[in-house]
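Please read the structure below before turning to the comments.
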Amino acid sequence: MRKYIEIAKIFFKTQITYRFDVAMTVLFTVSKILFAYILWGAIFGKNETVGGFTFPMMLSYYIVSSFLAQIDMSEGVSREISERIQGGTFSKYMVIPANTQGYFIAQTFGALVFYLLFILAATSLWVFVFNIQLTITGNIPLILAAMVMVIIGLLFMIQLNYFLGILAFKFQDIWIFLMIKNNVIGFITGTLVPLALLPAGIITVMRFFPFYYVTYLPSMLLIGKNESEALTGIIVLSVWLLAFCLLNKFAYKKLRVIFDGVGI
């Protein structure tokens, strides 16, 4: 465990070098909330509620979901793995005394802790400047359930991106997989539109898949909605996490033998 903590520390310090990346992350967080403020302000108009949401509740949902979406730093995992494999330098991860999956989990959480400070500051500033009335639940068990789900969700997204990354062992270019994932993930996690506004049949199907529980459900729990789904969400997401851990272990074992590294 200690070596993974050291890896996380190293990547925490590394982020200090990339100031432009930090600025763009903060700007993107603010721009998403601003877009939601303008769009839903026009949609609500004189209406008190839309789809069971009041305007302050809808803004609270977008603030929370935008925050949770931005702290997901796992996208870099698939890019780094694929680039290393294609460049012939993935051997680096084969010789270090650390589990490959564990290395990328530690790397991602190290970067996350650094960015978390700035994303939290940007979100808080937005709430203060526009005097938004956050409708966050005071139910402590519900908040804890949401936090547990967020952590499991982050781990799942790392595993998903890890899987997409190691596909580069088999495919010359995995850009099509990454493009599909990036284009779809924003919608099916509820960061673009709250899934509660979709037809009931679609929502029922989505509950079988992990993405429903990565951003959408934790956001709903934190604003005091969908309380009955908390335990189910943790269980379903945990099952998907375990399944991808096993899948990645199997896929890595099978695919790494065809890797012809040229250096570290």
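Count of the range 147-198 residues, restricted to those that are modelled with pLDDT of 80 or more, within 20 Å of Gly233 (Cβ to Cβ) and over 14 Å from the mean Cα position of the chain (by Cα), is 5.
Name the residues in the range 175-190 that are within 21 Å of Phe209 (Cβ to Cβ), of a type outside the set (Lys, Arg) and surrounded by fewer than 23 Cβ atoms within 10 Å (Cβ to Cβ), would you? Give the steps one after another, and end with the answer.
Here is the first cut: in the range 175-190, the residues within 21 Å of Phe209 (Cβ to Cβ) are 176-190.
Right, trim to of a type outside the set (Lys, Arg) and you get 176-180, 182-190.
The answer is Ile176, Phe177, Leu178, Met179, Ile180, Asn182, Asn183, Val184, Ile185, Gly186, Phe187, Ile188.
Taking into account only those residues within the range 209-229 that are farther than 18 Å from Leu144 by Cβ and in a loop (DSSP other than H, G, I, E, B), which is nearest to the chain's Cα centre (by Cα)? Of everything passing the filter in the range 209-229, Pro210 is nearest to the chain's Cα centre (by Cα).
Within the range 77-88, can one find any residue that is outside any helix (DSSP H, G or I), within 12 Å of the chain's Cα centre (by Cα) and under 30 Å from Gly110 (Cα atoms)?
Let us first name the residues in the range 77-88 that are outside any helix (DSSP H, G or I), namely 88.
Then keep just the ones that are within 12 Å of the chain's Cα centre (by Cα); that gives none.
Checked the range 77-88: no residue is outside any helix (DSSP H, G or I), within 12 Å of the chain's Cα centre (by Cα) and under 30 Å from Gly110 (Cα atoms).
Select from the range 251-264 the residues that are modelled with pLDDT of 85 or more and surrounded by 10 or more Cβ atoms within 10 Å (Cβ to Cβ) and list them in ascending order. Step through it out loud before you land on a result.
Narrowing the range 251-264 to residues modelled with pLDDT of 85 or more: 251-254.
Those that are modelled with pLDDT of 85 or more and surrounded by 10 or more Cβ atoms within 10 Å (Cβ to Cβ): Ala251, Tyr252, Lys254.
Scan the range 72-87 and give yes if some residue there is more than 19 Å from Leu120 (Cα to Cα), surrounded by 13 or more Cβ atoms within 10 Å (Cβ to Cβ), at pLDDT below 80 and not small (Gly, Ala, Ser), otherwise no. Reasoning before the result, please.
Our first condition is that a residue be more than 19 Å from Leu120 (Cα to Cα); within the range 72-87, this holds for 75-87.
The next check asks that each one be surrounded by 13 or more Cβ atoms within 10 Å (Cβ to Cβ); those that pass are 75-86.
Of the ones still in play, those that are also at pLDDT below 80 are none.
No, there is no match, as no residue in the range 72-87 is more than 19 Å from Leu120 (Cα to Cα), surrounded by 13 or more Cβ atoms within 10 Å (Cβ to Cβ), at pLDDT below 80 and not small (Gly, Ala, Ser).
Of the residues Val193, Val205, only one is surrounded by fewer than 17 Cβ atoms within 10 Å (Cβ to Cβ) and assigned to a loop (DSSP other than H, G, I, E, B); which? Working first, answer last.
Values: Val205 fails: assigned to a loop (DSSP other than H, G, I, E, B).
Of the residues listed, the single one that is surrounded by fewer than 17 Cβ atoms within 10 Å (Cβ to Cβ) and assigned to a loop (DSSP other than H, G, I, E, B) is Val193.
Close contacts from the range 30-57, counting a first residue that is over 17 Å from Leu195 (Cβ atoms) and surrounded by 12 or more Cβ atoms within 10 Å (Cβ to Cβ) and a second that is aliphatic (A, V, I, L, M) and at pLDDT 75 or above, with Cβ to Cβ under 6 Å and a gap of 6+ residues or different chains, come to Ile33/Ile63; Phe44/Val50. Residues of the range 214-249 that are within 21 Å of Met73 (Cβ to Cβ) and among the β-branched types (Val, Ile, Thr): Val214, Thr215.
The values are calculated or read from the model by the stated rules, or taken from the named source; none is laboratory data. Please read all numbers here as calculations on a predicted model, not as lab measurements. Please note: Cβ atoms are built from the backbone with ideal geometry, for glycine as well, and neighbour counts cover all protein chains shown.
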